1. Taking only the alpha-carbon positions of the stretch 170-215 and ignoring solvent, what does the Debye formula give for the base-10 log of I(q)/I(0) at q = 0.15, 0.27 Å⁻¹?
2. Treating only the Cβ atoms of Lys and Arg (+1) and Asp and Glu (-1) as charged, compute the dipole magnitude of the stretch 1-108 about its Cα centre; round to the nearest 20 debye.
3. In debye to the nearest 20, how big a dipole does the chain give about its Cα centre with +1 on each Lys and Arg Cβ and -1 on each Asp and Glu Cβ?
4. What stretch of the chain, leaving out the sites themselves, is the longest with no chymotrypsin sites (Phe, Trp or Tyr not before Pro) in a DSSP loop having at most 13 other Cβ atoms within 10 Å?
5. Mind listing the long-range amide H neighbours of A58? Cut-off is under 5 Å, sequence gap 5 or more, other chains count too, H placed in the peptide plane at 1.01 Å from N.
6. Taking 0.36 nm per residue of sequence separation and subtracting the Cα-Cα distance, how much length would be gained by fully extending the chain between T242 and W187, in nm to one decimal?
7. So if I place +1 on the C-beta of Lys and Arg and -1 on the C-beta of Asp and Glu, and nothing else carries charge, what would the dipole magnitude of the stretch 1-55 be about its Cα centre? I want it in debye, nearest 20.
8. For a test of the definition: using alpha carbon positions, the gyration tensor, and the 1.5 limit on a/c, classify the stretch 131-224 as rounded, prolate or oblate.
Amino acid sequence: MAMNNRVVLVTGAGNGIGAEIAKTYATNKDIVIVSDVSGEDAERTTETIKEAGGRATAYTCDVTDVSQITEMMAWIELEFGRLDICINNAGISKWVSPLELEVEEWDKVMNTNVRGTFICSREAVKLMITHNLEGSIVNIASTRAAMSEPNSEAYAASKGAIVSLTHALAASFRTNGIQVNCISPGWIHTGDTDELREVDHNQHFSNRVGEPGDIARACLFLSHKDNRFITGENITIDGGMTKKMIYEH
Ligand code: NAI
């Protein structure tokens with residue numbers, strides 16, 4: 001795989017971490033499909049990339065809708081003739097007591113975060129195999145796969161499932177030379193950094209809260225052709241928060 005001119009799909013790329021991932025690949029001179037359930041948000045990210053001289057195309061796709069995913073992959077094949085990298089970033093959360101969590105809310109979180117990641121990965125791999133490409137998939141999980149605050153059941157379960165799904169896919173597609181990894185971000189602030197307090201930064205070993213670029217650079221690293229020995233892995237990027245002892249003295 002050359003290290004630019006690759007065709008990269010980023011889901012949930014209209015905002016936050018996904019938008020930064022899309023911009024980072026575009027800066028690397030790759031060709032980016034900025035996919036989001038909000039067409040307006042996908043267009044906005046795409047325009048920003050184009051204004052900076054990058055190559056990007058917006059595509060509206062709801063990852064809970066299997067037919068929209070398969071249509072998107074057919075469009076990618078028609079438009080670009082290949083898919084080298086798929087970043088499964090689209091995700092939602094729900095903070096509510098497990099006693100009050102509606103089944104429909106549970107399903108929505110699982111269908112977006114887990115099923116969406118599975119179907120996008122599967123359909124992306126089909127395209128990679130058809131075009132004989134040793135592609136790379138990066139799934140965005142969370143440190144909440146491994147530790148919890150109250151009222152996060154659906155989100156935590158969905159992110160744990162993404163970590164497991166990642167190594168299962170890495171095993172299944174090894175014979176096709178496809179690499180599958182995931183990243184577990186900690187607190188990544190996607191808004192105005194002025195909103196953050198000193199205590200927010202200082203509680204991290206890194207002395208700062210995470211930024212979308214911290215995750216975007218890791219995606220670039222994982223999908224670099226020299227790093228194909230890394231597969232099935234979950235890389236935690238959280239400024240050290242999950243390594244911090246929390247006994248009270
Ligand atoms: P965000 O809410 O700013 O952006 C998520 C994007 O996904 C939005 O553009 C939204 O329109 C899109 N989206 C939502 N449902 C979708 C669907 N059904 N189909 C397609 N797109 C859909 O979120 P953020 O913070 O940028 O998070 C991105 C990913 O990183 C998520 O998977 C999230 O769980 C994960 N994450 C974020 C952390 C953080 O501190 N920001 C920490 C750990 C994980």
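The values are calculated or read from the model by the stated rules, or taken from the named source; none is laboratory data. This is a predicted model, so every value here is computed, not measured. All Cβ positions, even for glycine, are placed from backbone atoms using ideal geometry, and neighbour counts span all protein chains on display. With ligands, DNA and RNA removed, areas are computed over all heavy atoms of the protein, side chains included. Shrake-Rupley method; radii C 1.70, N 1.55, O 1.52, S 1.80 Å.
1. Scattering profile of the stretch 170-215, log10 relative to I(0): -0.52, -0.99.
2. Numbers: 9 positive and 19 negative charges, 143 e Å.
For the stretch 1-108, the charge dipole is close to 680 debye.
3. 1120 debye
4. 96-204
5. V34
6. Value of the extension gain: 18.7 nm.
7. Numbers: 6 positive and 8 negative charges, 64 e Å.
The dipole of the stretch 1-55 has a size of about 300 debye.
8. Numbers: a/c = 3.26, a/b = 1.69, b/c = 1.93.
Since a/c reaches 1.5 but b/c is at least a/b, the shape of the stretch 131-224 is classed as oblate.
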